[in-house]
Amino acid sequence: MTARDPLAAATPPVKSGRTPAPGMVERRGSGYWLTHLGLIIGLLFVFFPIWLAFVASTVSQPEIVRPPMPLLPGDRFFDNYRKALVSGINAPVALMMLNSLIMAMGITLGKIAISLLSAFAIVYFRFPLRRVFFWLIFLTLMLPVEVRIVPTYEVVAGFGMLNSYSGLIFPLIASATATFLFRQFFMTVPDELAEAARVDGARPMRFFWDILLPMSRTNIAALFVILFIYGWNQYLWPLLITTDPSMNTIVMGIKQMFPAGDDTADWPVIMATSILAMIPPVIVVISMQKLFIRGLVDSEK
Amino acid sequence: MEKRVTFKGIWLPLLLVLPQLVVTAVFFFYPAGQAIWQSLFIPDPFGLSMKFVGLGNFEYLLSNSYYRASFVTTAVFSTLVTLVSMGVALYLAVLADRLIKGSGIYRTLLIWPYAVAPAVAGVLWLFMFNTRVGVVTWYLGLLGYDWNHVLNGNEAMGLVVVASAWGRISYNFLFFLAGLQAIPRSVIEAAAIDGARFWTRFRTIVWPLLSPTTFFLLVVNIVYAFFETFGVIHTITGGGPQQATTILVYKVYSDGFVGQDLGSSAAQSVILLFIVGLLTVVQFRFIERRVHY
């Protein structure tokens with residue numbers, strides 16, 4: 001959802017496995033330990049909020065509302081998470097997670113599918129208005145959904161897509177980053193492959209399925225990681241169009257769990273939900289780290 | 001750039017671009033056009049009809065003190081988010097770059113916040129600084145500091161800045177680390193042999209060579225602070241207190257959906273659109289010419 005050309009990364013992250021060159025710049029000694037110390041302080045800053053949320057999700061409400069809350073986990077882990085998942089506050093969190101999963105997968109797969117097809121058409125065919133289409137699609141790089149929320153809301157409402165998965169998914173597919181990425185990749189595919197396919201009498205779609213698609217595997221996977229996180233973490237759009245709690249996604253549903261007015265929030269359940277909301281994207285990022293970093297370079301979505 | 005080898009056919013490629021074209025037309029061009037169109041009208045008091053006012057909405061906005069205040073808020077907010085997030089990330093990247101072994105472990109741990117949604121990050125930081133139950137609030141109280149971001153606009157701003165910058169550290173760290181690792185070792189070692197200490201090496205060699213990465217991140221982070229921090233602000237402050245944290249994107253939402261002032265909200269969308277366009281141009285310029293010293 002940003003305005004940049006996804007391929008314009010100034011300096012792509014190179015592989016971190018640089019051959020160690022232990023010259024005189026890296027020395028062991030006090031500097032070495034200070035380096036680790038500095039990094040660990042940074043890690044504490046990064047992880048303290050997450051740790052605290054985890055602790056809060058394992059203790060009871062009275063332990064939190066009488067500050068200071070403990071800094072080590074309590075024994076209510078299963079109680080709190082069961083309560084969150086099964087009953088939640090407005091809707092069971094398990095249901096909200098399912099909604100998030102459907103939305104994230106819908107956005108990811110939908111965007112990859114339509115982008116692959118249109119990039120294939122733009123790169124491998126000469127047809128009327130090709131340039132026009134290209135620029136029309138390219139223009140969408142510039143306008144985040146946040147900027148056009150009111151009219152987009154009216155369109156979705158007009159189609160009767162409020163509180164529906166298609167309403168959650170389609171407006172977020174309407175952007176060209178992926179198309180751009182695939183176009184760029186297809187341009188690097190050697191012409192000889194298409195030539196050979198044509199000489200062999202292969203039809204265009206056969207070339208697409210049997211040659212182009214397998215070659216794009218890594219790009220697709222990298223984009224998958226980025227788009228999944230993008231989709232899962234959406235907030236404003238689901239907030240606008242899902243008024244029915246059973247259609248809430250988990251990321252936007254957390255805020256809805258806070259009571260209006262002066263009542264005390266059910267912190268253990270809210271924090272358990274926060275942890276549950278970050279688990280799927282964290283797993284995706286950590287387990288597919290290499291693809292993730294590659295995806296970041298290729299595009300920011 | 002054109003492909004030398006292409007397939008024949010007109011209907012097949014049209015069919016292939018059709019899905020994207022339809023989605024883009026319905027959910028992108030039509031709404032964007034609507035935003036521009038609506039920005040030229042105001043609804044009558046009963047919301048029954050629209051009255052054409054030309055650029056009246058824009059004139060009104062630009063003379064409106066709340067809107068101008070929101071501009072200033074956005075400028076302060078995005079500057080602070082960019083500086084804090086890039087500063088912390090650069091510090092961590094420089095340290096991680098000094099390690100021969102083990103930087104991978106730190107990297108794995110430091111990319112966590114990227115996966116945390118801005119809205120969730122907002123809830124985590126809200127919890128720490130909650131006026132009644134927040135741990136940090138409580139310890140600050142022990143030190144004699146009375147934290148209350150619900151009433152104090154500066155504290156509210158500080159909190160949304162830190163929460164937004166926190167979520168952005170991973171991204172900046174990865175790009176800074178990559179930028180640092182791309183600097184030839186030999187250059188740095190040559191300086192070291194000449195007796196340059198760490199800080200001198202950083203100032204005279206590393207920082208200038210890192211400038212393409214830094215400029216790239218600068219633009220990307222400003223765009224992030226403008227458009228992707230809605231979740232943080234909505235969960236922590238709701239734009240308050242007294243609009244102290246109402247950034248432009250938040251105002252589009254609060255005027256359009258909460259205040260139901262469609263003309264004004266549409267005009268604000270158009271202004272934002274203009275800003276995005278400007279940032280994009282700036283970015284393309286920088287990327288094309290790179291920044292070298």
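Mind running the shape call on chain B? Use the C-alpha gyration tensor, a ≥ b ≥ c as the square roots of the eigenvalues: rounded below 1.5 for a/c, prolate if a/b tops b/c, oblate otherwise.
Oblate.
Among the trypsin sites (Lys or Arg not before Pro) within segment A:81-127, which fall in a DSSP loop and have no more than 16 other Cβ atoms within 10 Å of their own Cβ?
The qualifying sites are A:R126.
Between the alpha-carbon centers of segment B:62-86 and segment B:111-129, tell me the distance in whole angstrom.
After rounding, the separation between the Cα centres reads 21 Å.
Given a 10 angstrom Cα cut-off, can you work out which residue in B:M157, B:M128, B:M86 is the most mobile in a GNM of chain B?
In the Gaussian network model the winner is B:M128.
May I ask for the distance between the Cα centers of segment B:164-194 and segment A:158-187, given as a whole number of Å?
Between the Cα centre of segment B:164-194 and that of segment A:158-187, the gap is 35 Å.
Pop a pseudo-label 7 angstrom from the Cα along the beta-carbon direction at both B:Y60 and A:F77 and give the gap in nm to one decimal.
The answer from the label model is 5.7 nm.
For chain B, what is the charge dipole size about the Cα centre, in debye to the nearest 20, if Lys and Arg each add +1 at the Cβ and Asp and Glu each add -1 at the Cβ? Don't skip to the answer; put the middle values down first.
Details: 18 positive and 12 negative charges, 211 e Å.
Roughly 1020 debye, rounded to the nearest 20.
GNM, chain B, Cα, under 10 Å: largest mean-square fluctuation among B:L15, B:L218, B:L83?
Largest GNM mean-square fluctuation: B:L15.
Among B:N148, B:L95, B:V136, which residue has its Cα furthest toward the positive end of the charge dipole of segment B:92-168, with +1 on Lys/Arg Cβ and -1 on Asp/Glu Cβ?
B:L95
With N set to the residue count of segment B:155-266, report its C-alpha Rg divided by 2.2 N^0.38 Å to two decimal places.
Normalised Rg, Cα atoms only: 1.55.
In a Debye calculation with equal point scatterers on the alpha-carbon sites of segment A:29-75 and no solvent, what is log10 I(q)/I(0) at q = 0.21, 0.22, 0.31 Å⁻¹?
The computed values of log10 I(q)/I(0) come out as -0.70, -0.73, -1.04.
Counting each DSSP H run of 4 or more residues in chain A as -39500 (n - 2.57), what helix-only mean residue ellipticity at 222 nm follows after dividing by all residues, to the nearest 500 deg cm²/dmol?
For chain A, the value works out to -19500 deg cm²/dmol.
Is the shape of segment B:5-140 rounded, prolate or oblate, going by the alpha carbon gyration tensor and its root eigenvalues a ≥ b ≥ c, with a/c under 1.5 for rounded and a/b larger than b/c for prolate?
oblate
Could you give the dipole magnitude of segment A:30-127 about its Cα centre, charging the beta-carbon of Lys and Arg +1 and that of Asp and Glu -1, in debye to the nearest 20?
My answer is approximately 320 debye.
Using the count of nearby Cβ atoms within 10 Å as a rough guide to exposure, how do B:W125, B:W147 rank from fewest to most? All intermediate terms of the calculation are to be shown ahead of the outcome.
Values: B:W125 26, B:W147 20.
By the 10 Å Cβ count, ascending, the order reads B:W147, B:W125.
Mean-square fluctuation check for chain A, GNM, Cα pairs under 10 Å: which of A:W33, A:W232, A:W135 is largest?
A:W33
Magnitude of the Cβ-charge dipole of segment A:90-298, K/R +1 and D/E -1, about the Cα centre, nearest 20 debye?
Dipole of segment A:90-298, to the nearest 20 debye: 760 debye.
Using a 10 Å cut-off around each Cβ of peptide B:211-223, what is the average number of partner chain Cβ atoms that fall inside?
Whole-number average of other-chain Cβ neighbours for B:211-223 is 3.
For segment B:207-224, take each phi angle, set θ = phi - 60°, evaluate the Karplus expression 6.51 cos²θ - 1.76 cosθ + 1.60, and give the result in whole Hz per residue in order, putting x for glycine and proline.
Result, ordered by residue: 4, x, 5, 8, 4, x, 4, 4, 5, 4, 5, 4, 5, 4, 6, 5, 4, 4 Hz.
May I ask you to sort B:V53, A:V65 by Cβ crowding, counting other Cβ atoms within 10 Å and putting the fewest first?
Sorted ascending by nearby Cβ count, the order is A:V65, B:V53.
Between segment A:205-283 and segment A:44-121, what's the alpha-carbon centroid distance in Å?
Between the Cα centre of segment A:205-283 and that of segment A:44-121, the gap is 10 Å.
Just check chain A against the gyration tensor rule for me: Cα atoms, a ≥ b ≥ c as the square roots of the eigenvalues, rounded for a/c under 1.5, and otherwise prolate or oblate depending on whether a/b exceeds b/c.
oblate
With the crude spin-label approximation of a point 7 Å out along Cα→Cβ, what separation in nm comes out for A:I283 versus B:V258?
3.6 nm
Along the charge dipole of chain A, pointing to its positive end and built from +1/-1 on Cβ of Lys, Arg, Asp and Glu, which listed residue (A:G261, A:I50, A:F134) has its Cα farthest out?
Looking along the dipole axis, the top candidate is A:F134.
Just so you know, all these numbers are worked out from the coordinates, no wet-lab data involved. The structure presented is a predicted model; accordingly, all values stated were derived computationally and were not measured. Glycine gets a Cβ as well: all are built from the backbone with ideal geometry, and neighbour counts include every protein chain shown.
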